[in-house]
1. Name the aspartates and glutamates eligible as straight-distance cross-link partners of K65: C-alpha to C-alpha under 16 Å, and not fewer than 8 places from it in the same chain.
2. Please report the relative contact order for the range 1-99, taking Cα pairs under 8 Å with a sequence separation of at least 6, and give it as a percent rounded to a whole number.
3. Placing +1 on the Cβ of each Lys and Arg and -1 on the Cβ of each Asp and Glu in the chain, which of G24, L129, A105 has its Cα farthest towards the positive end of the resulting dipole?
4. Among K2/K121; K2/K66; K40/K77; K77/K121, which pairs are too far apart, with a Cα-Cα distance over 21 Å?
5. If exposed GluC sites (Glu not before Pro) are those in a DSSP loop with at most 13 other Cβ within 10 Å, what is the longest stretch of the chain that has none?
6. Which percent of the accessible area of the chain is formed by carbon and sulfur heavy atoms (probe 1.4 angstrom)?
7. Dipole of the range 48-99 (Lys/Arg Cβ +1, Asp/Glu Cβ -1, origin at the Cα centre): which of Y70, L55, I88 lies farthest to the positive side?
8. Straight-line reach only, C-alpha to C-alpha below 20 angstrom: list the aspartates and glutamates that K115 could link to, leaving out same-chain residues fewer than 8 apart.
Amino acid sequence: MKIDEIQIRVRYGETDQMGVVYHGNYALYLEMGRIEWLRKLGISYKTMEENGIMLPVVSLSINYKKSVGYDDVINVKTQLKKRPTAKIEFEYEITNEKEEVLTTASTTLVFIDMKTHRPTKAPQYLLDLITS
């Protein structure tokens, strides 16, 4: 399935008093990876919402293997797990500049019709871009 990778330099405000990335900030890194994955496919969250589709996270799993510190450069690899249905699933791998695996994660998001507030099928334009 389609894979994308982004690079992030850890900012001071993302760390705790020990200079280590606060665990809650990993969700932001995953979101950044997911947004860029979609953007490079030719889709934005903003456009999806303008077309009446929300994409909330319904599941998040993170496995921390090694610490990440202030000013470290990390790579967030985002991969689509399988063809979307009413949900879309991603897997992530965060590595450092030495290519050591620091964190693995997965998320599940659900396509929600903004008018009915009910789950709906993945938009056809997204499915077309994934298979092209």
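The values are calculated or read from the model by the stated rules, or taken from the named source; none is laboratory data. In this text, all values refer to a predicted model and were calculated from it rather than measured experimentally. So basically every Cβ, Gly included, is an ideal-geometry build from the backbone, and we count neighbours across all protein chains shown. When the accessible area is computed, the model is the full protein with side chains, heavy atoms only, and any ligands, DNA or RNA have been set aside. Shrake-Rupley method; radii C 1.70, N 1.55, O 1.52, S 1.80 Å.
1. Reachable aspartates and glutamates: E91, E93, E97, E99, E100.
2. For the range 1-99, the relative contact order is 40 percent.
3. Of the options given, the answer is L129.
4. Correct reply: K2/K66; K77/K121.
5. Longest run free of exposed loop sites: 1-96.
6. 49 percent
7. Of the candidates, I88 comes out farthest on the positive side.
8. Correct list for K115: E49, E50.
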